[in-house]
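Participant: Let me give you the structure first, and then I'll get to my questions.
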Amino acid sequence: MEEQKEEQKEATEAPVQAAAAAAPAAAVEEHRPPRGPRGGGGGGGGGRGGRGRGRGGERRDGGDRGREGDGMVENVVAINRVAKVVKGGRRFSFNALVAVGDGKGQVGIATGKANEVSEAVRKAVEAARRRMSEIPLTGGTIPHEIIGKHGAGRVLLKPAASGTGVIAGGPVRAVLECAGIRDILTKSLGSTNPHNMVRATIDGLKRLTTARRVARERGVEPEAIHYRARQESVVTHG
């Protein structure tokens, strides 16, 4: 009888002990965080994806144009983001390249730097207004062909007949539109960097001259200069 009682006691205690032993394992399984998908171990490095385009981050070329109340034309040629690495991380700032002109032969370019895009553009516009130069025009085009140079940038500027339009790329077009040139042919012969192209364009425009100016410097009559501009209807600034 006693042996039967002991066997019955062991039979009733065995399930309870098994359940107690399994309870911690089940609790661990309950609180264990779920595994991610296979092959996703490299997800921790996703934060590095915000470095942007190249070393300088994103860059936008052209597209922003506006005419102020005083009749000045403002073209944003390029905006570049710059990152400075410091102890606590990276600090981002922006520099903007802007062209400003009155559309009648006055044009200037400048750059501005700030922590915000709008502030960088504002600084650049103010600086460009202070650095405007007078460009000689013949009708809606330039008096003669010329190649502007700055650093590795070389831009060919060629007069065109009325109705041709502005045949130019983004950075060069922005400067020519501010200057009020309506008909011109251009070609970039060197660097495609917007800063070099814009400064090469300004260099070429500043070195333009007219037949009247050459005749005045030589002390002869304008009719003695046999060169004739592509458009003879109107001559401005010269």
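The values are calculated or read from the model by the stated rules, or taken from the named source; none is laboratory data. Only a predicted model underlies this, so the values are computations on that prediction, with no experimental measurement involved. Here the Cβ positions follow ideal geometry from the backbone for every residue, glycine too, while neighbour counts run over all protein chains shown. What goes into the accessible areas is simple: the full protein's heavy atoms, side chains included, and nothing from ligands, DNA or RNA. Shrake-Rupley method; radii C 1.70, N 1.55, O 1.52, S 1.80 Å.
Participant: Taking R0 as 35 Å, what FRET efficiency do you get between T209 and R122 from their Cβ-Cβ distance, rounded to the nearest 0.05?
Facilitator: The formula returns an efficiency of 0.50 here.
Participant: Could you do me a favour and compute the accessible area per residue for region 131-238, 1.4 Å probe, result in Å²? Don't skip to the end; give the middle numbers.
Facilitator: Values: 5450 Å² over 108 residues.
Ligands and nucleic acids excluded, the result is 50 Å² per residue.
Participant: Additional query: Over 20 Å between Cα atoms, which of K158/K206; K104/K206; K158/K187; K113/K187 qualify?
Facilitator: From K158/K206; K104/K206; K158/K187; K113/K187, over 20 Å: K113/K187.
Participant: Using alpha-carbon positions, what is the distance between the centroids of region 179-230 and region 91-106, in Å?
Facilitator: For region 179-230 versus region 91-106, the Cα centre distance is 22 Å.
Participant: Pulled fully out, how much extra length does the chain show between V85 and K113, if you take 0.36 nm times their separation in residues and subtract their Cα-Cα distance?
Facilitator: Result for the pair: 8.4 nm of gain on full extension.
Participant: For A224 and A161, calculate 0.36 nm times their separation in residues minus their Cα-Cα distance, and state this gained length in nm to one decimal.
Facilitator: Working: separation 63, 0.36 × 63 = 22.68 nm, distance 2.37 nm.
Result for the pair: 20.3 nm of gain on full extension.
Participant: Expressed as a whole percentage, what fraction of the accessible surface of region 133-231 belongs to carbon and sulfur atoms when a 1.4 Å probe is rolled over the protein heavy atoms? Mind dumping the intermediate values first?
Facilitator: Numbers: 2310 of 4780 Å².
Within region 133-231, the accessible surface is 48 percent carbon and sulfur.
Participant: List the residues, sorted by chain then number, that are 5 or more residues from S133 or on another chain and whose placed amide H is less than 5 Å from its amide H.
Facilitator: V107, G108
Participant: Here is a further query. Run the dipole for region 137-198 about the Cα centre, Lys and Arg Cβ at +1, Asp and Glu Cβ at -1, nothing else charged, and hand back the magnitude in debye, nearest 20.
Facilitator: 140 debye
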